[in-house]
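Shown next, in structure tokens, is the structure this report addresses.
The values are calculated or read from the model by the stated rules, or taken from the named source; none is laboratory data. None of the values given here were measured: they were computed from a predicted structure. Here the Cβ positions follow ideal geometry from the backbone for every residue, glycine too, while neighbour counts run over all protein chains shown.
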Amino acid sequence: MLETIWFILWGVLWAVYFMLDGFDLGLGTLLPVLSKNETDRRIIYNSMGPFWDGNEVWLITAGGATFAAFPVAYAVMFNGLYSALLLLLFALIIRGVCFEFRNKIDSDGWRKLWDAAMVIGSFLPALLLGVAFANIFEGLPIDQDGVFQGGLFTLLNPYGLAGGVLFVLLFLVHGSLWLALKSEGALQQRAGAMAKKLWPVLLVVAVLFLAFTLVATDLFNNYFKMPVLWILPLIAVLALLGTFVFIRQAAWLKAWLSSAVTILFVTFFGVAGLFPRLLPSSLNPAYSITIQNGAASQLTLKIMLVVALIMVPIVIAYQLWVYLFLGNKVTEKDLAYEEAY
């Protein structure tokens, strides 16, 4: 029972991270496309500034939950996906440094350097997270000893890359909508227009990825066994369609929330298809890491559950306060504050 609870919590933590940090990653990737001058770029930075580090708390929480609740899965994951996860870590570090270093020197060249680092530090995590999770859905070449029989290029297979493209597009639309919500005037119009252009591409890629998933993975087995699970992809589809409806109405808050629901339930779709496995083996299903053979002791799971029940609501309350308190639009006037990026 505890293993199942922690599996659900594990999936929720990753889904919330993708939903929140996704708009940061998408917006950082689109920085040179959406900005036309230094004022635009500063507005983009400040639309992300108060939120990005709080959003990444969910990545730490998801990683920590994996380590504490499913240490075997954590060990196998970091062994097999070591190169990809190391690239992800370096990219996120570079991205975090960009916020603080960009305005330390009054030089166009200096700012362009960190703007380029922002793009790379935003695009790579979006791509790598999609590649990593698509490979988990497809199955990793794990042998009977839990050793990954492959390398970085093993992960760059067609299905893995398709997952990377899907994540990038989800985050690009999500980021465009966030900027449309947080900005005004011409910048808001460009952000809204970008979301409108990207949405049909996202729809096509999502449909193709769903078909590819049916062929390349066994995620749908759980859905055929438990038809009630079909509510998860159904909500994801309805939210994706709703996003476009709200974009056409220029209802940016509703569009962003609908996009957030899409990301949540796309993640839930994959996680529900995995159950009870955490890391399926493509070599032999018997070698898969599951919630039974990958879990920590019952005592550890109980202690961690108590900690999670206390701390996660506190994190949620804090982030709700931040989003409500700092949720206003970013204007040129705001850039005059000493605390502004």
Take the conditions modelled with pLDDT under 95, under 23 Å from the mean Cα position of the chain (by Cα) and surrounded by fewer than 22 Cβ atoms within 10 Å (Cβ to Cβ) and apply them to residue 135. Does it pass?
no
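A quick yes/no check of all residues on (1) in contact with a strand residue (DSSP E or B) (Cβ under 9 Å, 6 or more places away or on another chain); (2) within 22 Å of residue 275 (Cβ to Cβ); (3) surrounded by 18 or more Cβ atoms within 10 Å (Cβ to Cβ):
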residue: 201; (1), (2), (3): no, no, no
residue: 204; (1), (2), (3): no, no, no
residue: 207; (1), (2), (3): no, no, no
residue: 213; (1), (2), (3): no, yes, yes
residue: 218; (1), (2), (3): no, yes, no
residue: 225; (1), (2), (3): no, yes, no
residue: 231; (1), (2), (3): no, yes, no
residue: 238; (1), (2), (3): no, no, no
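Taking segment 117-147, which residues are of a type in the set (S, T, N, Q) and assigned to a helix (DSSP H, G or I)? Walk me through how you get there before you give the answer.
From segment 117-147, those of a type in the set (S, T, N, Q) are 122, 135, 144; that's our starting set.
122, 135 - these are the residues of segment 117-147 that are of a type in the set (S, T, N, Q) and assigned to a helix (DSSP H, G or I).
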Among the residues of segment 60-85, what is the count of those that are over 17 Å from the mean Cα position of the chain (by Cα), in a helix (DSSP H, G or I) and either free of Cβ contacts under 8 Å to residues at least 12 places away in the same chain or buried (at least 17 other Cβ atoms within 10 Å of the Cβ) (or both)?
10
Checklist (1) in contact (Cβ under 8 Å) with a residue 60 or more places away in the chain; (2) surrounded by fewer than 21 Cβ atoms within 10 Å (Cβ to Cβ) applied to residue 183, failing item:
(2)
Between residues in segment 307-333 that are small (Gly, Ala, Ser) and residues that are at pLDDT 90 or above, which pairs lie under 8 Å by C-beta distance while being six or more apart or on different chains?
308/9
Is it true that some residue in segment 325-340 is within 21 Å of the chain's Cα centre (by Cα), within 30 Å of residue 40 (Cβ to Cβ), surrounded by 15 or more Cβ atoms within 10 Å (Cβ to Cβ) and of a type outside the set (A, V, I, L, M, F, W, C)?
no
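Could you please let me know if residue 94 is β-branched (Val, Ile, Thr), part of a helix (DSSP H, G or I) and within 16 Å of the chain's Cα centre (by Cα)? Show your work before the answer.
Working: β-branched (Val, Ile, Thr): yes; part of a helix (DSSP H, G or I): yes; within 16 Å of the chain's Cα centre (by Cα): no.
When the stated conditions are applied, residue 94 does not pass them.
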Would you pick out the residues in segment 241-263 that are buried (at least 21 other Cβ atoms within 10 Å of the Cβ) and of a type in the set (A, V, I, L, M, F, W, C)?
247, 252, 255, 256, 260, 263
Subset of segment 56-99 [in contact with a helix residue (DSSP H, G or I) (Cβ under 8 Å, 6 or more places away or on another chain) and aromatic (Phe, Trp, Tyr)]:
58, 67, 70, 74, 78, 99
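Conditions (1) under 25 Å from residue 170 (Cα atoms); (2) among the hydrophobic types (A, V, I, L, M, F, W, C), marked per residue:
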position: 267; (1), (2): yes, no
position: 281; (1), (2): no, no
position: 290; (1), (2): no, no
position: 300; (1), (2): no, no
position: 312; (1), (2): no, yes
position: 320; (1), (2): yes, yes
position: 323; (1), (2): yes, no
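Please pick out the residue among 173, 204 that is modelled with pLDDT of 95 or more and out of contact with any helix residue (DSSP H, G or I) (no Cβ under 8 Å at 6 or more places or on another chain). Talk me through it step by step, then tell me what you get.
Details: 173 fails: out of contact with any helix residue (DSSP H, G or I) (no Cβ under 8 Å at 6 or more places or on another chain).
The match here is 204.
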List pairs: first in segment 32-56 and modelled with pLDDT of 90 or more and in a helix (DSSP H, G or I), second of a type in the set (Ser, Thr, Tyr) and surrounded by fewer than 18 Cβ atoms within 10 Å (Cβ to Cβ), Cβ under 8 Å, 6+ apart or cross-chain?
43/331
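Assess whether residue 143 counts as being in contact with an Asp or Glu (Cβ under 9 Å, 6 or more places away or on another chain) and surrounded by fewer than 23 Cβ atoms within 10 Å (Cβ to Cβ). Walk me through it before giving the result.
Values: in contact with an Asp or Glu (Cβ under 9 Å, 6 or more places away or on another chain): no; surrounded by fewer than 23 Cβ atoms within 10 Å (Cβ to Cβ): yes.
Judged against the criteria, residue 143 is not a match.
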Check segment 152-159 and report whether any residue there is in contact (Cβ under 8 Å) with a residue 24 or more places away in the chain, of a type in the set (Val, Ile, Thr) and assigned to a helix (DSSP H, G or I).
no
For segment 268-285, enumerate the residues that are out of contact with any strand residue (DSSP E or B) (no Cβ under 7 Å at 6 or more places or on another chain), more than 25 Å from residue 17 (Cα to Cα) and in contact (Cβ under 8 Å) with a residue 60 or more places away in the chain.
284
Odd one out for residue 25, checked against (1) part of a helix (DSSP H, G or I); (2) within 27 Å of residue 260 (Cα to Cα); (3) at pLDDT below 95:
(3)
Going through segment 19-53 in order, the residues found to be among the acidic types (Asp, Glu) and more than 21 Å from the chain's Cα centre (by Cα) are 38, 40
